[in-house]
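Comments concern the structure below.
The values are calculated or read from the model by the stated rules, or taken from the named source; none is laboratory data. Owing to the predicted nature of the structure, the values given are computational and were not obtained by experimental measurement. Heads up, the Cβs are rebuilt from the backbone with ideal geometry, glycines too, and the neighbour counts pull from every protein chain shown.
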Amino acid sequence: MVMWVPDFVISRMIWSLSMARRDESWLSLTPEPERLLPPARAVLRTGAASPSAGVIAAERVLAERLVLRARRSGWDAWLRETEALAAEAEGGDGPTAEASALVRDVVANHDALALGLPGRERFKTGGR
């Protein structure tokens, strides 16, 4: 079953065109974190291969809120928390191992893309 998930990064970038004061270039990095990490976080939090729809929805709402309303520091804190959940699950097997590997790959890709941001934005990866 394929679920359609709206692209919140693009929505936020369109909305933010009128907000010239803040640098929101980080929103153009990649849509994969807000698409792939909420279900992975749900698996890591519950340990279940198929977490409830409510748990996944709560994680999606959190990701959407961060993209639409937060600053880069809030986004990075969410990524660090996600990495911490994955680190706690390391050495496990089954769905948590798969979710942990996905988190590592997505966050590593995000951080690599962040190196291409202009100015000091490229260095704001929270020490990852």
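Check region 59-67 and report whether any residue there is under 13 Å from the mean Cα position of the chain (by Cα), at pLDDT below 90 and under 17 Å from R35 (Cα atoms).
Going through region 59-67, the residues under 13 Å from the mean Cα position of the chain (by Cα) turn out to be 59-67.
Filter again for at pLDDT below 90, leaving 66-67.
This time we only want the ones that are under 17 Å from R35 (Cα atoms), so: 66-67.
Within region 59-67, one or more residues are under 13 Å from the mean Cα position of the chain (by Cα), at pLDDT below 90 and under 17 Å from R35 (Cα atoms).
If you scan region 71-90, which residues turn out to be in a loop (DSSP other than H, G, I, E, B) and either more than 19 Å from V43 (Cα to Cα) or in contact with a His (Cβ under 8 Å, 6 or more places away or on another chain) (or both)?
Taking region 71-90 as the starting set, the residues that turn out to be in a loop (DSSP other than H, G, I, E, B) are 71, 90.
R71 - this is the single residue of region 71-90 that is in a loop (DSSP other than H, G, I, E, B) and either more than 19 Å from V43 (Cα to Cα) or in contact with a His (Cβ under 8 Å, 6 or more places away or on another chain) (or both).
Based on what the data block shows, is R72 under 13 Å from the mean Cα position of the chain (by Cα), at pLDDT below 95 and among the basic types (K, R)? Yes: the conditions hold for R72.
If you go through region 43-60 and keep only what is surrounded by fewer than 17 Cβ atoms within 10 Å (Cβ to Cβ) and in a loop (DSSP other than H, G, I, E, B), you end up with G47, A48, A49, S50, S52.
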